[in-house]
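Okay, structure first, notes after.
Values in this text are rule-based calculations from the coordinates and carry no lab data. Model, not experiment: these values are computed from the prediction. Note that we place each Cβ from the backbone using ideal geometry, even for glycine, and neighbour counts take in every protein chain shown.
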Amino acid sequence: MSDSSKNKPAQNIQWGGRFTEATDAFVQVFTASVDFDQKMAEQDINGSIAHATMLAEVGVLTQEEKTTIIEGLEAIRLEIRNGEFEWSVALEDVHMNIEARLTQRIGITGKKLHTGRSRNDQVATDIRLYLRDAIDAILCELTRLQTGLVDLAEREADTIMPGFTHLQTAQPVTFGHHILAWNEMLFRDYERLVDCRKRVNRMPLGSAALAGTTYPIDRSITARLLGFDEICENSLDGVSDRDFAIEFCSAAALAMTHMSRFSEELVLWASAQFDFVDLPDRFCTGSSIMPQKKNPDVPELVRGKTGRVNGHLISLLTLMKSQCLAYNKDNQEDKEPLFDTVDTLFNCLRAYADMMPAIQVKKDNMREAARRGFSTATDLADYLVKKGVAFRDSHEIVGKAVGYGVAQKKDLAEMSLQELQQFSDIITDDVFQVLTLEGSVNARNHLGGTAPAQVRAAASRARAKISARG
Ligand code: ARG
């Protein structure tokens with residue numbers, strides 16, 4: 001040991017060369033990311049294998065060196081999968097942990113893996129690979145949930161419930177139509193994620209630390225090996241921007257916002273006051289004090305989890321704001337919000353996809369609720385218009401009839417012809433057809449309307465769209 005090295009404290013083996021003292025013990029823990037970024041170990045190994053393969057192809061590594069490196073990395077992959085890998089905070093992050101272990105396993109050749117790259121392009125590549133896989137898994141759950149919704153909508157195409165505005169009874173709708181409204185939201189969420197995936201699937205590897213590298217790398221080889229559609233054009237941008245993660249979190253926040261709306265409705269519908277649906281026991285919990293309780297925990301939790309996803313979007317936007325080029329350590333803070341967004345959205349979709357086929361629809365209660373609340377008042381107004389009354393006048397006439405009904409505690413369909421004729425003598429016997437719930441929903445028989453025939457047609461279009469997915 002030389003004199004100078006004898007006096008030096010233990011250094012980080014990967015970057016300690018220029019340091020004269022060891023990292024403060026707390027700072028080491030404070031700056032480490034290995035506790036959470038080990039989640040990207042598989043992607044890190046895949047990225048390294050592609051990088052080594054490319055380096056051999058352009059002659060920077062020999063074929064033997066490449067083979068030794070790949071075998072070492074595959075062995076490490078197994079150690080990690082089997083839970084045998086010893087993660088070390090002293091080695092800071094997933095990248096240095098794996099690289100150090102490689103050198104430990106295969107010796108000096110391991111030290112050549114990092115030729116022509118930096119942790120800056122390495123981490124940016126890993127996150128993109130991780131997020132691409134995550135989006136694919138989320139899209140599968142979305143498809144599963146949407147299939148469940150279409151099944152439910154088809155089964156309940158004729159089921160009539162009150163439609164609401166301001167949570168006040170508005171007009172009768174079919175339950176299938178209501179469910180397909182949810183499904184439309186999810187179609188857009190799906191599109192947004194597919195679109196976001198295009199920008200996620202671009203490769204920063206080859207940007208190196210920030211300016212590119214002096215080695216004769218061929219980025220098209222690594223891009224092909226890793227399944228990237230495109231290569232990041234600019235090395236400074238490649239290592240520094242996390243807009244793809246922000247975009248994902250934004251799409252996720254919207255998807256969760258939609259799910260929170262479904263949740264709110266399910267919670268209302270499962271209450272004794274609405275009593276429109278019964279959620280399967282296995283998706284509910286009881287109360288430790290009130291024996292009668294069956295709480296809709298899954299929808300409530302999904303509704304609540306929307307908050308953290310919205311928060312993660314704001315975290316990432318704020319993280320990126322004002323960052324000068326190129327990589328800054330700030331970006332290490334991108335992972336926890338991103339990972340949690342992925343897990344939360346995936347788990348919520350999974351719970352809903354599992355729950356959807358088991359929801360029991362209480363048709364009679366829905367129908368009874370639709371029958372109350374003068375839900376066919378607009379139908380009566382339209383009936384008068386078709387007989388020549390101007391809409392504003394018919395609105396007034398029906399308003400008076402409703403006022404009478406409120407006082408008499410009678411819905412429009414329960415009034416006699418004579419009672420109805422007090423408000424307009426144009427009304428004849430054919431009015432009762434118009435005032436039925438079936439008459440009301442069947443009359444809205446155009447694309448996008450609530451008529452059962454339209455719901456069936458819309459459900460089959462939705463099914464075709466879902467099955468056309470790759
Ligand atoms: N753990 C780091 C991160 O997540 C990896 C990149 C570190 N690069 C650096 N130059 N310190 O961002």
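Residues THR344, THR20, THR450, arranged from fewest to most other Cβ atoms within 10 angstrom of their Cβ, appear as THR20, THR344, THR450.
For the cross-link pairs LYS293/LYS362; LYS39/LYS329; LYS39/LYS321; LYS112/LYS198; LYS305/LYS335; LYS363/LYS387, which exceed 22 Å when the distance is taken from alpha carbon to alpha carbon?
LYS39/LYS321; LYS112/LYS198; LYS363/LYS387
With the convex hull built on the Cα atoms of the chain, state its orientation-averaged projected area in nm².
31.0
Sequentially through segment 205-219, phi angles give Karplus couplings (6.51, -1.76, 1.60; θ = phi - 60°) of 3, x, 6, 6, 5, 6, 10, x, 9, 7, 7, x, 5, 10, 5 Hz, Gly and Pro residues having no value and appearing as x.
Taking amide hydrogens as placed 1.01 Å from N in the peptide plane, the amide H of ALA170 sits under 5 Å from those of GLY163, PHE164, THR165, each at least 5 positions away in sequence or on another chain. A simple charge model with +1 on the Cβ of Lys and Arg, -1 on the Cβ of Asp and Glu and nothing else charged puts the dipole of segment 329-436 at about 400 debye relative to its Cα centre. In this structure, the amide hydrogen of VAL277, modeled 1.01 Å from its nitrogen in the peptide plane, lies closer than 5 angstrom to those of ALA270, LYS362, counting only residues at least 5 positions away or on a different chain. Computed from point charges on the beta carbon alone (+1 for Lys and Arg, -1 for Asp and Glu), the dipole magnitude for the chain about its Cα centre is near 300 Debye. Mind sorting THR147, THR165 by how few other Cβ atoms lie within 10 Å of their own Cβ, fewest first? Exposure proxy ranking, most exposed first: THR165, THR147. Each residue of segment 108-117 was assigned a 3J(HN,Hα) from its phi angle through the Karplus expression (A = 6.51, B = -1.76, C = 1.60, θ = phi - 60°), giving 4, 4, x, 6, 8, 4, 7, 4, x, 9 Hz with x at Gly and Pro. Segment 166-189 and segment 308-353 have Cα centres spaced 30 Å apart. Quick one: angle between helix 297-320 and the longest Cα principal axis of the chain, in degrees between 0 and 90, rounded to 10, please. Tilt of helix 297-320: around 50 degrees. For THR285, the residues whose amide H sits under 5 Å from its own are ASN295, ASP297, ignoring neighbours fewer than 5 places away on the same chain, with H placed 1.01 Å from N. Put in line by how crowded their Cβ is, counting other Cβ atoms within 10 Å and starting with the fewest, CYS196, CYS140, CYS348, CYS249 read CYS140, CYS196, CYS348, CYS249. With a ≥ b ≥ c the root eigenvalues of the C-alpha gyration tensor of segment 1-118, is it rounded (a/c under 1.5), prolate (a/b larger than b/c) or oblate? Cα axes put segment 1-118 in the oblate bin.
Within 10 Å of each candidate Cβ there may be at most 16 other Cβ atoms; applying that plus a DSSP loop requirement, which GluC sites (Glu not before Pro) in segment 193-291 survive?
GLU233
Here the chain is scanned for trypsin sites (Lys or Arg not before Pro) in DSSP loops (not H, G, I, E, B) that have at most 15 other Cβ atoms within 10 Å, and the longest stretch holding none of them is 1-292. Would you mind pulling out the separation of the Cα centroids of segment 17-58 and segment 423-446, in Å? Using only Cα atoms, the two centres lie 71 Å from each other. Remark: the Cα gyration tensor places segment 119-367 in the prolate category, a/c being 1.5 or greater and a/b exceeding b/c.
Each residue of segment 226-232 was assigned a 3J(HN,Hα) from its phi angle through the Karplus curve 6.51 cos²θ - 1.76 cosθ + 1.60 (θ = phi - 60°); the sequence is 8, x, 7, 6, 9, 10, 4 Hz, with glycine and proline shown as x.
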